[in-house]
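Please read the structure below before turning to the comments.
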Amino acid sequence: MTSKQWYYAQLRWAVMVEGREGLREWKEAVHIFLSEDQETAFQQALELGRQGEYLYREGRRNIETRLAEVVRLDCLGPAQTKFEVMLGSSKAKERLPFEYLFHPEQHM
């Protein structure tokens, strides 16, 4: 009996606009799931990505979200009990001095 392992898949979709605009934006998501092996996990990641595809109309134009790629596929092991998903970084909108102290325990 093969035991399943946890996999982390980062997927990217292209939002395509019919006509001259073409590529409008990229969308990304992370999926964490159990699978038997790397090849099966890749097929599952593709299926998850295909499920995220859709088409709608914006005025007279079709807008289609298409799976573009599986950006990353990592095996996390069989006994994973917690996960971290980094969501990237963003530019600071306010100015804080180096000496500034944060108090995360005060915000729930």
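The values are calculated or read from the model by the stated rules, or taken from the named source; none is laboratory data. Remember, predicted model here, so these are calculated numbers, not experimental data. Glycine also receives a Cβ, built like all others from the backbone with ideal geometry; neighbour counts cover every protein chain displayed. Quick note on the areas: whole protein, heavy atoms, side chains included, nothing else; ligands and nucleic acids left out. Shrake-Rupley method; radii C 1.70, N 1.55, O 1.52, S 1.80 Å.
Values as computed for the structure displayed
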| quantity | calculated |
| --- | --- |
| Leading residue by the ranking (surrounded by the most Cβ atoms within 10 Å (Cβ to Cβ)) among those in the range 13-34 that are small (Gly, Ala, Ser) and farther than 30 Å from residue 80 by Cα | 14 |
| Yes/no for residue 10 being open to solvent by 60 Å² or more (accessible area, probe 1.4 Å) and under 14 Å from the mean Cα position of the chain (by Cα) | no |
| Long-range neighbours under 8 Å by Cβ, at least six apart or interchain, first residue free of Cβ contacts under 8 Å to residues at least 60 places away in the same chain and more than 12 Å from residue 67 (Cα to Cα) within the range 14-37, second surrounded by 13 or more Cβ atoms within 10 Å (Cβ to Cβ) and acidic (Asp, Glu) | 18/64 |
| Candidate set from the range 35-63 (those that are open to solvent by 70 Å² or more (accessible area, probe 1.4 Å) and part of a strand (DSSP E or B)); member that is nearest to residue 3 (Cα to Cα) | 54 |
| Residues being exposed (fewer than 10 other Cβ atoms within 10 Å of the Cβ) and either more than 20 Å from residue 52 (Cα to Cα) or charged (D, E, K, R) (or both) - total across the range 67-102 | 21 |
| Residue ID - nearest to the chain's Cα centre (by Cα), chosen from residues in the range 69-94 that are part of a loop (DSSP other than H, G, I, E, B), closer than 19 Å to residue 35 by Cβ and not aliphatic (A, V, I, L, M) | 83 |
